[in-house]
Amino acid sequence: MPAQSPEPSSLPHRWIRLIALTTLLLAAGCSDDGPPAVSREASHAQMLALLRDVHTVAENDHPFLGRRQLQNAEQSLRNADPQTTTAQLSLLHALYGRELLRMGQTAEAIAELQESLRLLELGENIDQQALQHLLYQLAVACLRLGEDSNCVHCINGERCLFPISASGKHDDPDGSTQAVHYLQRALVITPDDLRSRWLLNIARMTLGDHPQGMEPDYLIPASPPGSAASPVGAYRNLAEPMGLDQPGWAGGVAVDDFDGDHDLDIFMSSWSTDGPLQWFRNDGDGTFSNQTAAAGLTGITGGLNLLHADFDNDNDLDLLVLRGAWLGEHGRHPNSLIENLGDGRFRDITIAAGLAEQNYPTQTAAWEDFDLDGDLDLFIGNENYFSQLFENDGNGQFHDIAIAAGADLIGFVKGCVAGDFNADGYPDLYISRLLGNNSLLQNNGDFTFSDVAPQLDVTGPVNSFATWFWDLNNDGYLDLYAGSYDWGIQHIAADFLGLPPQAEPDCLYLGEAGGKFRLATKELNYPRVTQPMGANFGDIDNDGFLDFALGTGYVDYEGLMPNLLFHNQQGRGFADITVDSRTGHLQKGHAMAFADLDHDGDQDLIAVMGGWFAGDSFRRAMFANPGSDANSVSVRLRGVESNRYGIGSRVRATFVTGDTSRTIYRWMNTGGSFGSSPLRLHLGIAQATSIKELEVWWPASGTRTIYRDIAAGSHVEIEEGSRTLSVIELTPIELPLPVE
């Protein structure tokens, strides 16, 4: 079992210094027997100092973004002595080329890899496996050269939407042409290599030579078996004209009304240690303005995931920034609790709130009122360190009670979500682990938890990542999604070729009476290995059934695979509508959020794109929903005894379409575990003209209130304890035209 903290001797000197500085800063404001006695203004300043030092260390030592590995590889090559063999020199050039590619020096990387290939081929008995590997690496580098020349600055994204259309053909074909050459050579050695086949098909698409130019033995269809038409047609990526297409690396997104004007604003982050947390304010005219500096957020950097909530019940939405994921002992960065001051300004109060006493690598957390006292507590799932459960004392302070609560589990936690799976009134926790069994922590009602995942058989998949609770078939029981993250583009190629899954597929568990689950992946026509990072759900066509989007990919440049969009087939299964909806972005997909940004009654899709490497940044995307003839109602809750935004509340809506009366169930939350959608329930009601009956169950008070005859297209606000609701007038926003 991993230790709670690493041994000092296992840490590089500069990381020891960073941890020591963190300790000193925290100790400076702590009493001997209580939480940090530091003002919130001082807390903000101390966090800025910590983040500056994190970046100073990371510039060289960050495993993915730092320069240390490149410098070491270059030095090893320079120090090669005259006795170094040709094979050894080939390897040194290959290693140097790989590090150059990681840092975004693509042309230089290709030159080093080509020199490695030249040296390897000088030998008499060439290792064919080594040759195939080197040819493949050269192909990947050349594909990246093509992306650098044609895609990274493409403002409408067409050159990265799968399948690549004629309008996405590369103007500069050099990179893809070289990639085709190297992939063809690699396939002569290993003709069954699905990775090379997949990338060869991608390269041919960028050249406008697919399928006609493909070798028949290597052809992969442009859509997987069972692909279906999009019920709303093709989406448009409007990020550029809306002012949202900022370049960046992997990061998080949180969408909601952060300034109280009823329009939805957007926070985005980047895991780069100097990547700014950015607040895009909705200007109400279809565009967004970057208000980061004016909001007082300059210097708040880094963060792979974001999660928003009103932790202090002051009616202003606050933000949690999660840091350090994938970095192991190098990732002991502080998280950030960003307090909304209610006047367009924010400040970091992490240290003052008691949330920075122990920092571990993480990217996932869950806000929920676990003890039903009316304020939100916080669970943080860490990577190979004990998880943390912070009790909110209602006065702006948090205390880690994970050990006493039985929530101090350990493992490589990649996702966590809260939901009352057994309908006993107490919120539970599902924890998704990479390389380990998942856990379902049942709330015992006394702020302690018991792991019931083994007895309920919801421990899979073993390589798990994105997860969420939802009601996919509208039967009133919470269902559970857990995505498989056994990465490799060979799994995508197998999908498109109709081959059986070569790894454990995603798991869809259907909830049943008595808090039970059954694995229903095959029953729901979903035996897929999707490799999702970003993931969230929404109702794209307002038919009352929840659909979902997955942001896919993995660390290597080779991970070119379409992000995915699935349409719910009335609770009986899911159809892949990625191709027809034109949402299959090939770049690394991270945080996903569904939100009606233009108040037209349907949900758009916001996606944070970008990879892990210094050379793998990309523009963010905003896919505008084309719309349908179905209707919706949006509901915002205002808790009084319960937490202010009603997180954990359940809503039941009954409406009539034709001669059929239907009921749908929703729980107030931000959706999946990697992407934070608005705390506004979007209720698709098909062709119904009204909701006949809407019931709200509040978590802290346990009360139920019923409202009747809510017109389609309404935006309503409901206060706990009130028998009347308020209608909010939202002005429709005209989105700008896409850039051609």
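General observations
- Cα-centre dipole for the chain with unit charges at Cβ (Lys and Arg positive, Asp and Glu negative), debye to 20: 1380
- Rolling a 1.4 Å probe over the heavy atoms of the protein chains gives the chain an accessible area of 35 Å² per residue.
- In this entry, the range 500-645 is assigned a mean projected area of 11.9 nm², taken as a quarter of its C-alpha convex hull surface.
- For the range 40-161: rounded, prolate or oblate by the Cα gyration tensor [a/c cutoff 1.5]: oblate
- For the range 421-469 versus the range 572-616, the gap between their alpha-carbon centres in whole angstrom: 27
- Alpha carbon centroid spacing (whole Å) that separates the range 211-251 from the range 291-336: 31
- At R0 = 25 Å, FRET efficiency that the Cβ-Cβ distance of Val452 and Glu504 yields, to 0.05: 0.70
- Within the accessible area of the chain (1.4 Å probe), percent carbon and sulfur: 49
- The residues neighbouring Gly658, those whose beta-carbon lies less than 15 Å from its own, together hold a net charge of -1 under the Lys/Arg +1, Asp/Glu -1 convention.
- Extension gain (nm, one decimal) between Lys522 and Ala234, 0.36 nm per residue minus Cα-Cα: 100.9 nm
- Rounded to whole Hz, the Karplus (6.51, -1.76, 1.60) HN-Hα couplings of the range 460-477, x for glycine and proline: x, x, 5, 9, 10, 9, 4, 7, 6, 9, 6, 10, 7, 10, 6, 9, x, 9
- In terms of the mean number of neighbouring beta-carbon atoms within 10 Å, the peptides 225-237, 463-475, 590-602 order highest first as 590-602, 463-475, 225-237.
- Residues with amide H under 5 Å from that of Asp451, placed H, sequence gap 5 or more: Gln442
- Cα-based helix-to-principal-axis angle, 86-102 vs the chain, degrees rounded to 10: 30
- Cα pair count fraction exceeding 20 Å, expressed as % - the range 546-620: 36
- Once both labels are positioned 7 Å from their Cα atoms along Cα-to-Cβ, the gap between Thr86 and Asn395 label points is 7.7 nm.
- Taking 0.36 nm per residue of sequence separation and removing the Cα-Cα distance, the Ala222/Thr177 pair yields an extension gain of 14.2 nm.
- Note on the chain: Lys pairs 8 or more places apart or on different chains, Cα atoms under 25 Å apart, count 4.
- Long-range HN-HN contacts of Glu693 with modeled amide H, under 5 Å: Thr654, Asp709
- Solvent-free Debye scattering, log10 I(q)/I(0), computed from the Cα coordinates of the range 121-221 at q = 0.10 Å⁻¹: -0.28
- Fraction of C-alpha pairs exceeding 53 angstrom in the chain: 9 percent, rounded to a whole number.
- Hydrodynamic radius of the range 429-474 by the Kirkwood approach over all distinct alpha-carbon pairs: 11.4 Å.
The values are calculated or read from the model by the stated rules, or taken from the named source; none is laboratory data. Keep in mind that this is a model prediction, so the values were computed, not measured. As a convention, Cβ positions derive from the backbone with ideal geometry for all residues, glycine included, and neighbour counts pool all protein chains shown. Surface accessibility is based on the protein's heavy atoms, side chains included, excluding ligands, DNA and RNA. Shrake-Rupley method; radii C 1.70, N 1.55, O 1.52, S 1.80 Å.
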